[in-house]
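A.B. asks: Let me begin by handing over the structure; questions about it come next.
The values are calculated or read from the model by the stated rules, or taken from the named source; none is laboratory data. All figures in this text were calculated on a predicted structure; none of them were measured in a lab. Ideal geometry is used to build each Cβ from the backbone, glycine not excepted, and the neighbour counts take in all protein chains shown. The accessibility values were calculated without ligands, DNA or RNA, using every heavy atom of the protein model including side chains. Shrake-Rupley method; radii C 1.70, N 1.55, O 1.52, S 1.80 Å.
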Amino acid sequence: MSKSSFEEVFEKYGRLVYTNSGDSMLPFIHEKRDILIIEKPSGRLKKYDVPLYRRDSGQYVLHRILKVRENDYVICGDNRINKEYGITDRHIIGVLTAVNRNGKMIYNNNRLYRVYVHLWCDLFCVRYLVLKTKSIIKRIKSRKYNRGGNFEK
């Protein structure tokens with residue numbers, strides 16, 4: 001993407017089609033592989049929606065809504081355990097409507113997608129355990145390789 005901001009792309013074309021960078025939405029969205037279709041939101045977003053928003057720092061983020069509150073949203077990436085608070089409608093510039101994976105479109109009303117979203121979000125304690133366990137295993141492997149002199153971080 002050129003130096004134009006996402007907001008300028010929305011203004012010009014009404015939608016944004018791009019591939020993301022980062023791993024915060026794994027296992028659903030894969031970095032630089034999936035093509036994301038993001039539309040302008042119409043009204044307040046709902047639980048499980050995936051907004052593209054701009055933090056006060058200027059950083060663009062694509063994470064999932066876990067809870068809709070009166071004045072803001074509680075948001076978290078699918079591959080994260082730390083929830084973000086204080087994201088309001090003024091931060092949100094778009095909402096994910098579909099993902100193109102290997103030529104196949106996955107829409108937010110897809111049955112398997114909805115099952116994944118409910119399991120991964122409603123059972124947050126399971127997500128927490130899975131991601132914490134992965135993190136611990138990764139640290140143990142990293143220490144093992146570093147002590148053996150085989151690999152460096």
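A.B. asks: For residues that are on the phi > 0 side of the Ramachandran plot and open to solvent by less than 90 Å² (accessible area, probe 1.4 Å), scanning just region 13-47, find the one that is modelled with the lowest pLDDT.
C.D. replies: Filtering region 13-47 for residues on the phi > 0 side of the Ramachandran plot gives 14, 22, 32, 43.
Checking which are open to solvent by less than 90 Å² (accessible area, probe 1.4 Å) leaves us with 14, 22, 43.
On the way: Gly14: 89, Gly22: 93, Gly43: 92.
Among those residues, the one meeting the criterion is Gly14.
A.B. asks: Considering only region 61-113, state which residues are basic (Lys, Arg) and open to solvent by 40 Å² or more (accessible area, probe 1.4 Å). Explain how you work it out, then say what you get.
C.D. replies: Just the residues of region 61-113 that are basic (Lys, Arg), to begin with: 64, 67, 69, 80, 83, 90, 101, 104, 111.
Lys67, Arg69, Arg80, Lys83, Arg90, Arg101, Lys104, Arg111, listed by residue number.
A.B. asks: Out of everything in region 90-108 that is under 17 Å from the mean Cα position of the chain (by Cα) and not in a strand (DSSP E or B), what residue ends up being farthest from Pro51 (Cα to Cα)?
C.D. replies: Taking region 90-108 as the starting set, the residues that turn out to be under 17 Å from the mean Cα position of the chain (by Cα) are 91-101, 106-108.
Keeping just the survivors that are not in a strand (DSSP E or B) gives 91, 108.
On the way: His91: 9, Asn108: 12 Å.
The extreme case among them is Asn108.
A.B. asks: Out of curiosity, is Arg69 touching a residue at least 40 places away in the same chain (Cβ under 8 Å) and among the charged types (D, E, K, R)?
C.D. replies: Numbers: touching a residue at least 40 places away in the same chain (Cβ under 8 Å): no; among the charged types (D, E, K, R): yes.
The answer is no for Arg69.
A.B. asks: Quick check on region 114-146: of everything there that is among the aromatic types (Phe, Trp, Tyr) and touching a residue at least 12 places away in the same chain (Cβ under 8 Å), which residue is surrounded by the most Cβ atoms within 10 Å (Cβ to Cβ)?
C.D. replies: Here is the first cut: in region 114-146, the ones among the aromatic types (Phe, Trp, Tyr) are 116, 120, 124, 128, 145.
Checking which are touching a residue at least 12 places away in the same chain (Cβ under 8 Å) leaves us with 116, 120, 124, 128.
Working: Tyr116: 15, Trp120: 18, Phe124: 13, Tyr128: 11.
Only one residue fits best here, namely Trp120.
A.B. asks: Would you pick out the residues in region 17-29 that are assigned to a loop (DSSP other than H, G, I, E, B) and free of Cβ contacts under 8 Å to residues at least 60 places away in the same chain? Give the derivation first.
C.D. replies: Of all residues in region 17-29, those assigned to a loop (DSSP other than H, G, I, E, B) come to 19-29.
Residues satisfying the conditions are Thr19, Asn20, Ser21, Gly22, Asp23, Ser24, Met25, Leu26, Pro27.
A.B. asks: Counting just the residues of region 30-53 that are assigned to a strand (DSSP E or B) and touching a Leu at 6+ places or on another chain (Cβ under 9 Å), which one comes out farthest from Arg127 (Cα to Cα)?
C.D. replies: Narrowing region 30-53 to residues assigned to a strand (DSSP E or B): 35-39, 51-53.
So of that shortlist, the ones also touching a Leu at 6+ places or on another chain (Cβ under 9 Å) come out as 36-39, 51-53.
Values: Leu36: 23, Ile37: 26, Ile38: 25, Glu39: 28, Pro51: 20, Leu52: 22, Tyr53: 23 Å.
The extreme case among them is Glu39.
A.B. asks: List the number of the failed condition for Phe10; all other conditions in (1) open to solvent by 90 Å² or more (accessible area, probe 1.4 Å); (2) closer than 18 Å to His91 by Cβ; (3) not in a loop (DSSP other than H, G, I, E, B) hold.
C.D. replies: Phe10 satisfies all of (1) open to solvent by 90 Å² or more (accessible area, probe 1.4 Å); (2) closer than 18 Å to His91 by Cβ; (3) not in a loop (DSSP other than H, G, I, E, B) except (1).
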